[in-house]
1. Can you name the condition, by its number, that residue 117 falls short on among (1) at positive phi; (2) at pLDDT 95 or above?
2. Residue 106: assigned to a loop (DSSP other than H, G, I, E, B) and under 23 Å from residue 8 (Cβ atoms), yes or no?
3. Of all residues being closer than 30 Å to residue 33 by Cα and of a type in the set (S, T, N, Q) in segment 109-135, which is surrounded by the most Cβ atoms within 10 Å (Cβ to Cβ)? Just the residue, please.
4. How about segment 4-81: which strands (runs of 3 or more DSSP E) wholly inside it have at least 1 residues that are open to solvent by 60 Å² or more (accessible area, probe 1.4 Å) and farther than 20 Å from residue 109 by Cβ?
5. Any idea which of 31, 49, 66 is under 17 Å from residue 128 (Cα atoms) and free of Cβ contacts under 8 Å to residues at least 40 places away in the same chain?
6. Give all pairs with beta carbons closer than 6 Å in which a residue from segment 76-91 that is under 17 Å from residue 123 (Cα atoms) meets a residue that is surrounded by fewer than 12 Cβ atoms within 10 Å (Cβ to Cβ); count only pairs at least 6 apart in sequence or on separate chains.
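The values are calculated or read from the model by the stated rules, or taken from the named source; none is laboratory data. Because the structure is predicted, anything quoted here is derived from the model rather than measured. Counting neighbours? That spans all protein chains shown, and the Cβs are built from the backbone with ideal geometry, glycine included. These accessible areas exclude ligands, DNA and RNA; they are computed on the full protein's heavy atoms, side chains included. Shrake-Rupley method; radii C 1.70, N 1.55, O 1.52, S 1.80 Å.
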Amino acid sequence: MELLPDSPTTPGPADLFTGTVHFDVIAAGAAPSRLRVNLVRFAPGSRTAWHRHANGQTLHVTQGVALMQSRGGEVLEVRPGQTVHTPPGEWHWHGADPEHFMEHLAMWEALGDGQDGPETEWAEHVTDAEYESRS
């Protein structure tokens, strides 16, 4: 057993996020584990750009109200205690609704032996119209 040192809170870079987002790395996918876990905090209205993970991603909301969408799908409203899984390669975004801060655990696997390509691929920012499209 080993107590791991804390990593500093990092602001989300503007080319990957809209609004104010901060994250703390909990697990960095260091061998022998490939598990990556970040605690991510979003200010109201903040969100990721469209992105996808080679090995999928699991998101567990711990606080606030999250909005999540797969490309072409409906915008989901996700509450604390709920978990969403995006399959490998599925384009998606996630963020806070306009009236609440939101916090979630983002979990995914680093690339395995023999896997090529980016672990996470980023695309364009989510437009305001896409963000506001929930019913």
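1. (2)
2. Judged against the criteria, residue 106 is not a match.
3. Per the stated criteria, the residue is 120.
4. Where strands (runs of 3 or more DSSP E) fall fully within segment 4-81 and carry at least 1 residues being open to solvent by 60 Å² or more (accessible area, probe 1.4 Å) and farther than 20 Å from residue 109 by Cβ, they are 21-28, 35-42, 57-64, 76-78.
5. Going through 31, 49, 66 in turn, just one is under 17 Å from residue 128 (Cα atoms) and free of Cβ contacts under 8 Å to residues at least 40 places away in the same chain: 66.
6. none
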